Each structure stands twice: as C-alpha cells, then as structure tokens.
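Engineer: This is the structure I have questions about; it appears just below.
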Amino acid sequence: ISTHEAVQRLCDGEVVAIPTETVYGLAASVQHPDALASIYSLKGRPKDNPMILHGASVDQLLPFVEGWSDVHQACADAFWPGPLTLILKASEQVPSIVTAGLDTVAIRVPNHPLALEILEQTGPLAAPSANLSGKPSATKASHVNDDFGDAVAVVDGDQASIGLESTVVWAVEDTWRILRPGLIGAEEIDQVANI
Ligand code: AMP
Ligand code: MG
C-alpha cells in the first residue's frame, strides 16, 4: 500500500508493516492501545517483550521519556536517523503495553525515507520486527507477506539496507551499556557518550 494509505490506516487504529533501514516493522500508533495489543497477537510475541517506539524526530519522542540529557542529545545528533535505540525512563504518556509494564521505554528515529514520511504524519509508532515470533526478521516486503499474508498490509520500501536489528543501549542515568549488539558498536557510541 502507499504511504498515504498507511497513514490513514495507522491513524484509524490498524496495524501496518513499514520499511526501515534495519528490518521491516509491524507498526501501530501509540494512540491506539487495541492496535498495539494486536501486534503481540499477530506476532505471537510474549507479552513481556517490550517494543521500540519509533519517531520522526527527537521532538516527537521527547514527550514519551524522562531525563533527556545533553548526552542523549549528542547521541541523537550523531546517530539519528539511524540504527541506534536508546532506553530511557518512560513518561506517563507511554502506554504500558509498549513497555510490557516496565518503567523504561526504548526509542529510535529510523533512517528510511518512507518510514520518516509516515511517522511525520502519524506521530510515534511502536514497531517490532515484522515477523512471526521466533522467525527471522523481515528484510523485504515479501517476507512480511510470507509470515502474515492478507492479515497485514505492507508498505514496500525495497530491501532493508542494513538488514540487522538496531543496537539497543541502556541509557537510563549514568550506567550506559549495550543490551543488544548491532551495526553501531560500543566504540562509536563511546566517542559520543563515554559509556
Ligand atoms: P524488536 O522490536 O523486535 O527489535 O525488539 C525490541 C527489543 O528491544 C526487545 O526485545 C528488548 O530486547 C529491547 N527493549 C525494548 N524496550 C526495552 C526496555 N524498556 N528495556 C529493556 N529492553 C528493551
Ligand atoms: Mg524481533
């Protein structure tokens, strides 16, 4: 489907698969708790596995976190849009279904023109990888179709350029550490954030 149709469907509370530079994401609006919940059922994802909140910009994501510091901003300036996910304390605006009940939230600005075009119009979207739980992450629209068929509409953004999940960094307070390795490594982050 087109980005225009994706925006309409997401704003109506539907789940839509969108391309990012890492892998395809199964996206739902942070404004639609029912749609967020159906991401878990569609994927067969355990309810205790939190999702990453994607935004078009830092400004779009700031209301959802607490304790945004100069170090977070420096990382955003250096790596966003890009394959780095930061975990901060969640604000009260984050639905607990996104964080699986944790008091922290993972955020990222993806580096894909279609994802950014959609996010600018929908606002933040939770978007775990668009594959059935336990299966390899989708890096092409056809992979999403293989796993979900007609149940999920897909925005085709060609092959994901990175094809590997984002680096996830615990960035709550001073004790930063990498929770999930990715293309951006500790050395690169260290030069900006001194983790
Ligand atoms: P996926 O969206 O499928 O790439 O999965 C997102 C991953 O990010 C989760 O499986 C967790 O490993 C990690 N994650 C997301 N939110 C949090 C959080 N609040 N605390 C710790 N890890 C998180
Ligand atoms: Mg995944």
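The values are calculated or read from the model by the stated rules, or taken from the named source; none is laboratory data. This one's a predicted model, so the numbers in the text were calculated from it and none came from an experiment. Every residue, glycine among them, receives a Cβ derived from its backbone with ideal geometry; neighbour counts consider all protein chains shown.
Engineer: Report, by residue number, each residue of the stretch 160-195 that is out of contact with any strand residue (DSSP E or B) (no Cβ under 7 Å at 6 or more places or on another chain), assigned to a loop (DSSP other than H, G, I, E, B) and surrounded by 12 or more Cβ atoms within 10 Å (Cβ to Cβ). Steps first, answer last, please.
Structural biologist: Quick first cut of the stretch 160-195, residues out of contact with any strand residue (DSSP E or B) (no Cβ under 7 Å at 6 or more places or on another chain) only: 160-164, 173-175, 185, 187-188, 190-194.
Cutting the leftovers down to assigned to a loop (DSSP other than H, G, I, E, B) gives us 160-164, 173-175, 185, 194.
160, 161, 162, 163, 164 - these are the residues of the stretch 160-195 that are out of contact with any strand residue (DSSP E or B) (no Cβ under 7 Å at 6 or more places or on another chain), assigned to a loop (DSSP other than H, G, I, E, B) and surrounded by 12 or more Cβ atoms within 10 Å (Cβ to Cβ).
Engineer: Then there is this: Taking the residues in the stretch 44-76 that are among the charged types (D, E, K, R) and free of Cβ contacts under 8 Å to residues at least 40 places away in the same chain as candidates, determine which candidate is nearest to residue 31 (Cα to Cα). If you could, list the steps in order and put the result at the bottom.
Structural biologist: Our first condition is that a residue be among the charged types (D, E, K, R); within the stretch 44-76, this holds for 45, 47-48, 59, 66, 70.
Now drop any that are not free of Cβ contacts under 8 Å to residues at least 40 places away in the same chain, which leaves 59, 66, 70.
Numbers: 59: 17, 66: 19, 70: 28 Å.
Filtering first and then ranking leaves 59.
Engineer: Follow-up. Out of 48, 146, 59, which single residue is exposed (fewer than 15 other Cβ atoms within 10 Å of the Cβ), within 23 Å of residue 179 (Cβ to Cβ) and either modelled with pLDDT under 95 or among the charged types (D, E, K, R) (or both)? Spell out how you get there, then give the answer.
Structural biologist: Details: 146 fails: within 23 Å of residue 179 (Cβ to Cβ); 59 fails: within 23 Å of residue 179 (Cβ to Cβ).
The unique qualifying residue is 48.
Engineer: Could you run through the stretch 113-148 and say how many residues are without any contact (Cβ under 8 Å) to a residue 40 or more places away in the chain, within 12 Å of ligand 2 (Cβ to nearest atom) and not in a loop (DSSP other than H, G, I, E, B)?
Structural biologist: Total meeting the criteria: 1.
Engineer: Working only within the stretch 2-14, note down all residues that are of a type in the set (A, V, I, L, M, F, W, C) and surrounded by 15 or more Cβ atoms within 10 Å (Cβ to Cβ).
Structural biologist: Step one: of the stretch 2-14, the residues of a type in the set (A, V, I, L, M, F, W, C) are 6-7, 10-11.
Across the stretch 2-14, the qualifying residues are 6, 7, 10.
Engineer: Only residues in the stretch 159-177 that are within 16 Å of ligand 2 (Cβ to nearest atom) count as the first member; pair them with residues that are aromatic (Phe, Trp, Tyr) and modelled with pLDDT of 95 or more, Cβ under 9 angstrom, at least 6 apart or cross-chain, and list the lot.
Structural biologist: 160/24; 167/79
Engineer: May I pose another question? Restricted to the stretch 15-43, and to residues that are more than 16 Å from ligand 2 (Cβ to nearest atom) and surrounded by fewer than 19 Cβ atoms within 10 Å (Cβ to Cβ), which residue is nearest to residue 144 (Cα to Cα)? Give the steps one after another, and end with the answer.
Structural biologist: Taking the stretch 15-43 as the starting set, the residues that turn out to be more than 16 Å from ligand 2 (Cβ to nearest atom) are 16, 29-35, 37-38.
Those still in the list that are surrounded by fewer than 19 Cβ atoms within 10 Å (Cβ to Cβ) too: 31, 33-34, 37-38.
Working: 31: 24, 33: 22, 34: 21, 37: 19, 38: 16 Å.
That would be 38.
Engineer: I'd like the full set of residues that are polar (S, T, N, Q), within 11 Å of ligand 1 (Cβ to nearest atom) and farther than 20 Å from residue 141 by Cα, limited to the stretch 5-53.
Structural biologist: If we filter the stretch 5-53 for residues that are polar (S, T, N, Q), which is where we start, we get 8, 20, 22, 29, 31, 38, 41, 49.
Narrowing further to those that are within 11 Å of ligand 1 (Cβ to nearest atom): 20, 22, 49.
Residue satisfying the conditions is 49 alone.
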